[in-house]
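Heads up, the thing below is written out as structure tokens.
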Amino acid sequence: MRGTTHRAPSHSPERTSARSAGGERTVVDCYDFYDRIFPECGLFDLTDGIYNGDETLSHERAQDNQINWLLDQVGCVEGSRVLDIGCGYGTLLAAARGRGAAAVGITLSVPQARHCLENGLDARVMDYREIDDAWHASFDAIIANGSIEHFVQPIDAIEGRANAIYRRLFKICSQLLDPESSSGRVATTVIHFHRHHPDPHDLLRNPLTFVPFSNRFHSAMLERCMGGFYPDEGQLERCATPYFQLVTEVDGTEDYRLTSEEWLDRTRRCFVGKETAPRIFTRLLPFTVKRPAQSLSNLAMLFTASWQWQFRGPSAPTRLLRHVWERRPSPYTH
């Protein structure tokens, strides 16, 4: 590994973020819940694939397409130093390693970090806001693939903190990039509000207080199960302006719809499979005993298809946007 990435502080996968409270606790619980289901269904990628208009393409090939697109966009080659914010099960880390890059991932999920470590990948249980000076100027490129949706919570939107949170994210990214690197790029995939912009107060209510399967019902179900509040279209670009300029925007909503429908199909089949169902329920039992309300909510979301709702139809309420950001020259980078 070249550069200074080796100076990064080491965090045990047994450590959890001290800032995971309230809505952020929901995010941790969400991934803990799905960690007990998705691997049994052969699912190790937790964001969109790229199908290139071919609905017959396999889920695995689409995921490979998306990971390679992200790595290409940030110029990941042999010797590159890459930070993956929200690394999941490490599929992007493994692909970067396959290119000869030195890749580090951070996640709030202990099971995900453990999975990465067991596969020889460098993953830390860490909140991106906890990154300290030891990591400054240590990377050539940064990728946040589906994690930014969790960074703002409904209470942040209610109290007017969303823009400040996004600005701080881009400031942290600018500090982490080596000013002498030839890349200096950040790639993100983020769900944005599009045709339906919910009242953040509604998201804090019980979904059952709304008409079943209505927009407000699905939005409240997503918040209860997943945590987070999406940005508006253009909001990230405005917040990034002091540090980065947007160089690429790609609409991946249809790709996410196809990916999400595959998730739904596989999980439903696994819940009734003779071999998979007993393993899933055995793995879910400890979580359900510990977090019964969260477990029941997540099970309900699987069968109401609230996650899939947000990408369906010509009037889909959200858009998945892939963005590539390029570091602005000084003095804006500090």
Pairs with Cβ under 7 Å, 6+ apart, first in the stretch 285-312 and farther than 12 Å from residue 213 by Cα, second open to solvent by less than 10 Å² (accessible area, probe 1.4 Å) and among the charged types (D, E, K, R)
291/29; 294/29
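Condition check ((1) of a type in the set (A, V, I, L, M, F, W, C); (2) farther than 20 Å from residue 27 by Cα; (3) surrounded by 13 or more Cβ atoms within 10 Å (Cβ to Cβ)) across all residues:
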site	(1), (2), (3)
266	no, yes, yes
278	no, yes, no
289	yes, no, no
292	no, no, no
295	no, no, yes
300	yes, no, yes
311	yes, yes, yes
Tell me, please, whether a residue that is without any contact (Cβ under 8 Å) to a residue 24 or more places away in the chain and open to solvent by less than 70 Å² (accessible area, probe 1.4 Å) can be found in the stretch 244-259.
no
Condition first: assigned to a helix (DSSP H, G or I), surrounded by 15 or more Cβ atoms within 10 Å (Cβ to Cβ) and under 19 Å from the mean Cα position of the chain (by Cα). Can you find one or more residues in the stretch 203-217 that meet it?
no
Residue that is nearest to the chain's Cα centre (by Cα), among those in the stretch 100-120 that are open to solvent by 10 Å² or more (accessible area, probe 1.4 Å) and closer than 14 Å to residue 140 by Cα
103
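Yes/no per residue for (1) open to solvent by 50 Å² or more (accessible area, probe 1.4 Å); (2) in a helix (DSSP H, G or I); (3) closer than 16 Å to residue 324 by Cα; (4) modelled with pLDDT of 95 or more:
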{"position": "124", "(1), (2), (3), (4)": "no, no, no, yes"}
{"position": "137", "(1), (2), (3), (4)": "no, no, no, yes"}
{"position": "166", "(1), (2), (3), (4)": "no, yes, yes, yes"}
{"position": "169", "(1), (2), (3), (4)": "no, yes, yes, yes"}
{"position": "175", "(1), (2), (3), (4)": "yes, yes, no, yes"}
{"position": "180", "(1), (2), (3), (4)": "yes, no, no, no"}
{"position": "183", "(1), (2), (3), (4)": "no, no, yes, no"}
Give me a count of the residues in the stretch 313-334 that are in contact with a helix residue (DSSP H, G or I) (Cβ under 9 Å, 6 or more places away or on another chain) and open to solvent by 80 Å² or more (accessible area, probe 1.4 Å).
2
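The values are calculated or read from the model by the stated rules, or taken from the named source; none is laboratory data. These numbers were taken from a predicted model, which means no experiment stands behind them. Here the Cβ is made from the backbone with ideal geometry for all residues, glycine too, and neighbour counts use every protein chain on show. To get the accessible areas, we keep the full protein, side chains included, count just its heavy atoms, and leave off ligands, DNA and RNA. Shrake-Rupley method; radii C 1.70, N 1.55, O 1.52, S 1.80 Å.
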